[in-house]
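The values are calculated or read from the model by the stated rules, or taken from the named source; none is laboratory data. This is a predicted model, so every value here is computed, not measured. Quick reminder, even Gly has a Cβ in these numbers, built from the backbone with ideal geometry, and neighbours come from all protein chains shown.
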Amino acid sequence: MFSLDLKTTLESIDDSNKEDNQQPQMYAKDSMDRFDNDLCALVLSYLTFEDRFRCECVSKQFQRTVFKNKELLSALVAQKQSLKSVWVNNLSYNINESLIELSTQLSRLPQLRELTLDLRVNSGDNSLSESLRTIDCYNAQVLVPLKHCHQLTHLTIDTEKMSDKWLDNCDRYWPRVKYLSLRVYSITRKRLDYISRLPALQTLDIICHHCN
Amino acid sequence: MADNADHIDGDDNEDVRAQQNLIKIKLKSSEGGIYECGLTAAKMSDLVKNMVESLGTDAVVTTEPIILGNEAVTDAALKKIIEWVEFHWDDPPVDHDFEDEKDRRNEELSHWDKQFIDVDDQALLFDVIAAANYMDIKGLVEVGAKHICSKIRGKSCQEVREMLKITNDFTAEEEDAIHKENAWIYAKD
């Protein structure tokens, strides 16, 4: 099981507050401590996948920044094509393209059996709500690449909104799905029709607020 | 000449770029040193490019130097940066296509860039990278980043700290916890 904890935007806001408190501190000119988080993240984005993990305990700044870059996922996929189980949460992918990129990368895992997508965005932080509106989970294209994961047996999707299209013809591209769990705001008749056609389905777990 | 320069601003034509690079503008470091640089080369810095575009080429060529106020832009760093842009100004423009970007990120540095960035004085190295970042010269920041990452490659946390003079602000317990979390990466599949 591999759990991918993509750092949230919330955390990076916390970081910047911390940085403000540290502002008066002077760093030696020949110490990399002098780089701010953004520059540090940029530099470390050129590290290989293994080096990133090895570097996580260099300093708190390294820990904060070493996985900030979205290249992490492509690096992960390139190195671990045999991964069978992925759990994506704490999503900082707050733009649609990144979500497509995310699912494109996941689709390159031919052995993938279990997938948990926690696309629920932490609420409660007002400054974030603006940027979060840009997530267009109604976009039908977002999960299309996942149609290549024919080996999937367990799929969990936790999201506020999702397009009906996400499950169109799902019986054809996920013929082995035994376990399907959906946490969604609303579910439609049409979506249930598609789910009912999943040939291998044994367990269905749906939590939704609205049913129409 | 100056009239001409304004007229041809923004043209990507190679000859025009070469011609424009004959126009010299002045850049001023945070330490007060003033250095000449070809216009096309200087415009590899998005910061300088935006200034030139808002002030107009005439003003930049004939009047005061462009002031680079960030403390990382020391005399020594600015000299290095000018050396880099004067070597690279006629590089083909960067293609923002995603696959190309991935290739570029993974590409090894050229021999010239390796020699350029391999400076013994680490304070100067960090000045050059921070100054290039401030001046928004993406190509040069990338050279610096690749250089640092190639030095980090395969080293332990402690070796990285010593090399880059990074303060360890973890407690022993915190560090142990991270090691445990990451143990799987070293395990065989």
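Residue by residue through segment A:184-212, note down the ones that are in a loop (DSSP other than H, G, I, E, B) and of a type in the set (A, V, I, L, M). First the steps, then the outcome.
Here is the first cut: in segment A:184-212, the residues in a loop (DSSP other than H, G, I, E, B) are A:188, A:197-202, A:212.
Within segment A:184-212, A:L198, A:A200, A:L201 qualify.
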A:S3 fails exactly one of (1) of a type outside the set (A, V, I, L, M); (2) touching a Phe, Trp or Tyr at 6+ places or on another chain (Cβ under 7 Å); (3) modelled with pLDDT of 50 or more, namely (3)
Could you list, in sequence order, all residues of segment A:40-57 that are under 25 Å from B:A132 (Cα atoms) and outside any loop (DSSP other than H, G, I, E, B)? A:C40, A:A41, A:L42, A:V43, A:L44, A:D51, A:R52, A:C55
Scan segment A:117-129 and give yes if some residue there is closer than 16 Å to A:S85 by Cα and at pLDDT below 80, otherwise no. yes
Residue identified as among the hydroxyl-bearing types (S, T, Y) and surrounded by 13 or more Cβ atoms within 10 Å (Cβ to Cβ) among B:S45, B:S110, B:S54: B:S45
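Kindly establish whether B:V85 is surrounded by 14 or more Cβ atoms within 10 Å (Cβ to Cβ), among the β-branched types (V, I, T), outside any loop (DSSP other than H, G, I, E, B) and within 12 Å of chain A (Cβ to nearest Cβ). Outline the logic, then answer.
Values: surrounded by 14 or more Cβ atoms within 10 Å (Cβ to Cβ): yes; among the β-branched types (V, I, T): yes; outside any loop (DSSP other than H, G, I, E, B): yes; within 12 Å of chain A (Cβ to nearest Cβ): no.
Criteria not met by B:V85.
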Does B:K165 fit the bill of being modelled with pLDDT of 90 or more, closer than 18 Å to A:C55 by Cβ and more than 7 Å from chain A (Cβ to nearest Cβ)? no
Here are some residues: B:R104, B:R153. Which one is facing another protein chain (nearest Cβ under 10 Å) and on the phi < 0 side of the Ramachandran plot? B:R153
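Give the residue, chosen from A:E50, A:E97, that is within 24 Å of B:E142 (Cβ to Cβ), surrounded by fewer than 16 Cβ atoms within 10 Å (Cβ to Cβ), at pLDDT below 80 and at the interface with chain B (Cβ under 7 Å from one of its Cβ atoms).
Working: A:E97 fails: at the interface with chain B (Cβ under 7 Å from one of its Cβ atoms).
Unique residue meeting the criteria: A:E50.
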With segment B:12-70 as the region, which helices (runs of 4 or more DSSP H) entirely inside it contain at least 3 residues that are in contact (Cβ under 8 Å) with a residue 60 or more places away in the chain and over 18 Å from the mean Cα position of the chain (by Cα)? B:14-21
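Farther than 25 Å from A:L83 by Cβ and not in a helix (DSSP H, G or I), is that true of A:S181?
Details: farther than 25 Å from A:L83 by Cβ: no; not in a helix (DSSP H, G or I): yes.
No, not satisfied.
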